[in-house]
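Asker: Take this structure, written in structure tokens, and hold onto it; I'll ask about it next.
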Amino acid sequence: SAAMRRNPPESEWKHAPVIFGLDAAFDGGDANVLAKRQGSVSWLKDEWIWRGVAREKVHLLADAIAFVLEAHPGYGAVFVDITGGWGNAVFIRLASDLGFPRIIPVEFAADALDPQFFNRRAEMHFLKSEWVKAHGSLPNRPGLRTELCAPGYKSVVKGGRSVKMLEPKADIKKRIGRSPDEDDALALTFAAPVYAPADEENRALIENRKVEKFRADPYGFMRGEKH
């Protein structure tokens, strides 16, 4: 609730990369949800939720997402859930057929990047949880509040060490009566560190200054002398 009331100043997040997370689901009652996060601020919109997408219509879902991405030139990354193969068609359509860059597949059951977690799913959700507690700003959505507070976790032994494992999704669905799709989409924005495109401009300026200094005083520059 506190995170849903936060309004961090634009200076805190406007230079951060725009990261999208797509929780994919086809047929059945689960929803396809696209979440957006930029630094300490996140977005979820009703028009970014697609339900009842048949397998033969998945290209239309990818095209709708492409329309969103086109409105965000210079985005940092799009992490697509391919667990169970559901998101593969969207991933291929966006990355190969339509040529969008930095479309990155994520398998929830894969090994975590940080060995203190049982798998990528637990890792993403724990990172998201710490972000919410620390400074994250959430959209005011009652359904999201329910989903964020639902998962439990426990410590289990994996590879001879104690790791954190998130409660199975099937148990969460049974308890709250639906799939936590909005929560999963937001968690996907924490799948991996993303380089800020804004920093690329700053880096270019810095490199240009270095070239100018090198030409003016190449030996002093190489010795690290300040100018």
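The values are calculated or read from the model by the stated rules, or taken from the named source; none is laboratory data. Since the model is a prediction, treat every value here as computed from it, not as a measurement. Positions of Cβ are generated from backbone atoms using ideal geometry, with glycine treated the same way; all protein chains shown enter the neighbour counts. Accessible surface is based on the protein model in full, side chains and every heavy atom, while ligands, DNA and RNA are left aside. Shrake-Rupley method; radii C 1.70, N 1.55, O 1.52, S 1.80 Å.
Asker: Restricting attention to region 115-131, which residues are open to solvent by less than 10 Å² (accessible area, probe 1.4 Å) and farther than 20 Å from residue 35 by Cβ?
Answerer: Of everything in region 115-131, nothing turns out to be open to solvent by less than 10 Å² (accessible area, probe 1.4 Å) and farther than 20 Å from residue 35 by Cβ.
Asker: Residue by residue through region 60-115, note down the ones that are in a helix (DSSP H, G or I) and charged (D, E, K, R). Explain how you work it out, then say what you get.
Answerer: Residues of region 60-115 in a helix (DSSP H, G or I): 60-70, 83-85, 88-97.
The answer is 63, 70, 93, 97.
Asker: Might you check whether a residue that is in contact with a strand residue (DSSP E or B) (Cβ under 7 Å, 6 or more places away or on another chain), free of Cβ contacts under 8 Å to residues at least 12 places away in the same chain and open to solvent by 10 Å² or more (accessible area, probe 1.4 Å) occurs anywhere in region 68-80?
Answerer: Checking region 68-80: not a single residue is in contact with a strand residue (DSSP E or B) (Cβ under 7 Å, 6 or more places away or on another chain), free of Cβ contacts under 8 Å to residues at least 12 places away in the same chain and open to solvent by 10 Å² or more (accessible area, probe 1.4 Å).
Asker: Given the criterion hydroxyl-bearing (Ser, Thr, Tyr) and under 19 Å from the mean Cα position of the chain (by Cα), identify the matching residue among 11, 40.
Answerer: 40
Asker: Next up: Mind listing whichever residues of region 25-39 are in contact (Cβ under 8 Å) with a residue 40 or more places away in the chain and part of a strand (DSSP E or B)?
Answerer: Within region 25-39, 31, 32, 33, 34, 35, 36, 37 meet the criteria.
Asker: Also: Could you tell me whether region 206-214 includes any residue that is of a type outside the set (A, V, I, L, M), in contact with a strand residue (DSSP E or B) (Cβ under 7 Å, 6 or more places away or on another chain) and either exposed (fewer than 15 other Cβ atoms within 10 Å of the Cβ) or at pLDDT 95 or above (or both)? Show your work before the answer.
Answerer: Going residue by residue through region 206-214, those that are of a type outside the set (A, V, I, L, M) are 207-210, 212-214.
Keeping just the survivors that are in contact with a strand residue (DSSP E or B) (Cβ under 7 Å, 6 or more places away or on another chain) gives none.
Checked against the condition, which is being of a type outside the set (A, V, I, L, M), in contact with a strand residue (DSSP E or B) (Cβ under 7 Å, 6 or more places away or on another chain) and either exposed (fewer than 15 other Cβ atoms within 10 Å of the Cβ) or at pLDDT 95 or above (or both), region 206-214 yields no hits at all.
Asker: So which residues in region 40-59 are open to solvent by less than 40 Å² (accessible area, probe 1.4 Å), outside any strand (DSSP E or B) and more than 22 Å from residue 100 (Cα to Cα), if there are any at all? Break it down into steps so the answer makes sense when it comes.
Answerer: Kept after step one, since they are open to solvent by less than 40 Å² (accessible area, probe 1.4 Å), are these residues of region 40-59: 40-42, 44, 48-49, 53-54, 58.
Those left that are additionally outside any strand (DSSP E or B): 40, 53-54, 58.
Within region 40-59, 40, 54 meet the criteria.
Asker: Take region 159-175 and flag every residue that is on the phi < 0 side of the Ramachandran plot and loosely packed, with under 15 Cβ neighbours inside 10 Å.
Answerer: Scanning region 159-175 gives 161, 162, 168, 170, 171, 174, 175.
Asker: Could you please find all residues in region 78-123 being closer than 21 Å to residue 55 by Cα and charged (D, E, K, R)?
Answerer: 81, 93, 97, 107
Asker: Hey, another quick one. How many residues are of a type outside the set (Asp, Glu), open to solvent by 20 Å² or more (accessible area, probe 1.4 Å) and within 17 Å of residue 82 (Cα to Cα) when one looks only at region 27-39?
Answerer: 1
Asker: Could you tell me whether residue 136 is over 24 Å from residue 77 (Cα atoms) and of a type in the set (Gly, Ala, Ser)? Full working, then the answer.
Answerer: Working: over 24 Å from residue 77 (Cα atoms): no; of a type in the set (Gly, Ala, Ser): yes.
No; evaluated as a whole, the condition is false for this residue.
Asker: Continuing with the same structure: Going by what's in this entry, would residue 22 be described as part of a helix (DSSP H, G or I), buried (at least 20 other Cβ atoms within 10 Å of the Cβ) and either modelled with pLDDT of 95 or more or not polar (S, T, N, Q) (or both)? Let's see the steps before the verdict.
Answerer: Details: part of a helix (DSSP H, G or I): no; buried (at least 20 other Cβ atoms within 10 Å of the Cβ): yes; either modelled with pLDDT of 95 or more or not polar (S, T, N, Q) (or both): yes.
Here the answer is no, as residue 22 does not meet what is asked.
Asker: Right, another one. With the structure loaded, tell me whether residue 191 is open to solvent by less than 30 Å² (accessible area, probe 1.4 Å), touching a residue at least 40 places away in the same chain (Cβ under 8 Å) and assigned to a helix (DSSP H, G or I) or whether it fails that test.
Answerer: Details: open to solvent by less than 30 Å² (accessible area, probe 1.4 Å): yes; touching a residue at least 40 places away in the same chain (Cβ under 8 Å): yes; assigned to a helix (DSSP H, G or I): no.
In short, no.
Asker: If you take the residues in region 90-111 that are open to solvent by less than 20 Å² (accessible area, probe 1.4 Å) and more than 13 Å from the chain's Cα centre (by Cα), which one is nearest to residue 69 (Cα to Cα)?
Answerer: 94
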